[in-house]
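Report on one structure; see the data block that follows.
Nothing in this text is a laboratory measurement; each read-out follows from the coordinates by a stated rule. Everything numeric in this text was worked out from a predicted model, so none of it was measured. Ideal geometry is used to build each Cβ from the backbone, glycine not excepted, and the neighbour counts take in all protein chains shown.
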Amino acid sequence: LSALLRVTKAPADKILGLTAKFNVDLHPNKINLTVGIYKDNNGRVTTFPSVASAQSMLDSSLDLNNDLSYLPITGSQDYQDNVLNFLYRESSNGHELLEDNRITFVQTLSGTGALAVASKLLATFVSKVVWIPNPSWANHANVFQWNGFNQIKYYTYYENGKLDIDKWLKELKDNYSSADPGWPSSIVLHACCHNPTGVDPTIEQWKQILPVIHDLGIIPIVDMAYQGMESGDLMKDAYLLRMCLEYEWPNGLFVCQSFAKNMGLYGERVGSLSVVVPPQPKELKNNIDSQLKKIVRGIYSSPPGYGSRVANLVLSNPALKQQWFTDVKGMSDRLWNIRVEMHKRLNWPSLIDFKTQHGMFYFTGLNPYQVQILQEQYGIYLTQDGRMSLSGVNSSNVDYLCESLHQVVE
Ligand code: PLP
């Protein structure tokens with residue numbers, strides 16, 4: 001008997017599996033509202049003007065794009081400089097940390113790669129337990145489990161149609177006494193546009209949450225996959241990073257950042273992991289740098305080059321950067337406009353209550369049965385938890401979508 005029989009069948013990916021099903025659905029009006037990819041009003045995944053300009057600059061310049069050799073293990077130096085500048089000088093007030101050489105950096109395979117490398121380092125040396133919001137992006141638990149975390153714990157985040165931070169913080173505190181101080185727990189915090197609910201704590205609520213996490217010695221892992229998509233302003237949306245930087249984190253602050261959504265570079269895998277390390281002892285930073293390199297070397301050796309060259313140009317050329325800010329604002333405005341158009345047809349207040357929900361995802365509150373009816377009878381695909389990716393809605397399908405939702409809810 002083959003030892004390969006020990007390989008049992010894993011469940012299909014919850015989100016990508018649905019797209020496979022959608023692709024073979026013959027319903028004439030079918031709409032895919034599952035995956036978090038931005039589409040324009042014609043239902044197309046288009047390249048942002050800023051990114052398209054960067055691509056054509058690369059295409060026409062042998063100097064910029066003719067070197068197809070390996071990048072260094074932790075990515076290109078230009079990319080590191082540009083991204084650190086973007087995150088810690090422009091998006092936040094972390095310039096002193098940069099000047100004091102307290103931020104270790106890896107160019108990663110997008111946000112998922114950043115989470116994977118971070119979790120490998122943490123689980124190997126620092127932390128075995130991670131807290132994830134309930135609900136969360138389905139891949140969080142998967143990434144932490146595969147990379148060595150022994151225990152995934154879920155903190156109450158959204159229950160009975162609303163954010164519940166009192167319960168969240170109580171759970172963290174109640175679990176503290178049993179925690180092993182030598183192996184602090186980690187916690188995943190969505191920086192903005194929480195996936196799947198679209199609901200984030202307010203600044204005032206973060207002011208209650210962060211001191212608790214800090215005082216319990218829990219290690220924050222800030223997952224910033226949607227910077228710019230909450231308010232349309234890239235800088236404004238980095239509020240959680242700014243707030244975290246107001247504290248010293250003795251076990252480090254881990255920032256996992258992605259240009260997949262806000263530059264539309266999904267398949268190019270462009271992101272970063274940065275770790276803010278404590279000031280003392282001095283060797284900490286070098287030790288962490290060296291282990292991060294070893295982790296990357298052992299998994300994929302070095303990151304891909306092309307996408308980071310595109311991002312480099314967008315981040316470093318003032319005209320392209322200005323265009324990028326406009327592009328992100330345009331995307332966020334369109335997503336908001338979809339909410340307004342849907343609200344006109346459905347009169348569901350949660351669609352347009354910015355305080356309650358924002359960003360690419362709308363958490364409909366539909367139950368799994370209603371989601372199934374939508375899919376089977378109307379050809380409309382949401383994830384099973386009732387999350388709708390608004391970017392699949394446009395002026396040609398909004399009427400059909402809202403009529404169908406109306407029917408299913410009645
Ligand atoms: N984190 C969250 C919350 C996400 O929703 C996503 C993508 O959907 C990611 C991280 C990582 O995305 P990527 O690896 O494409 O950057």
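General observations
- Kirkwood Rh in Å, taken over segment 225-272 so that all alpha-carbon pairs contribute: 11.9
- Principal axis dimensions, largest first and in whole angstrom, of segment 327-370 by Cα: 37, 20, 18
- Segment 290-391: C-alpha gyration tensor shape, a/c 1.5 cut-off, then a/b vs b/c: oblate
- Per residue, the convex hull volume that the Cα atoms of segment 172-228 enclose (Å³): 93
- Fewest-first ranking of Leu382, Leu98, using other Cβ atoms within 10 Å as the exposure measure: Leu98, Leu382
- The fewest-to-most ranking of Leu189, Leu71 by surrounding Cβ atoms within 10 Å reads Leu71, Leu189.
- Kirkwood estimate for segment 185-291, i.e. one over the average of 1/r between Cα atoms, Å: 14.8
- Order by protection proxy (mean Cβ within 10 Å, highest first), peptides 400-406, 205-211: 400-406, 205-211
- When only Cα pairs below 8 angstrom with a gap of at least 6 residues are kept, the chain shows a relative contact order of 26 percent.
- Cβ-to-Cβ counts within 10 Å put Ser290, Ser389 in ascending order as Ser290, Ser389, the fewest first.
- Under 11 Å, Cβ to Cβ, from His358 - net charge with Lys/Arg +1 and Asp/Glu -1: -2
- For the pair segment 32-75 / segment 224-273, the C-alpha centres are spaced 19 Å from each other.
- Ratio Rg/Rh [Cα only; Rh per Kirkwood] for segment 3-109: 1.11
- Range of Cα positions in the chain per principal axis (Å), largest first: 63, 60, 60
- Spread of Cα-to-Cα distances over 10 Å intervals beginning at zero, given as percent, for segment 46-202: 9, 26, 33, 22, 8, 2, 0
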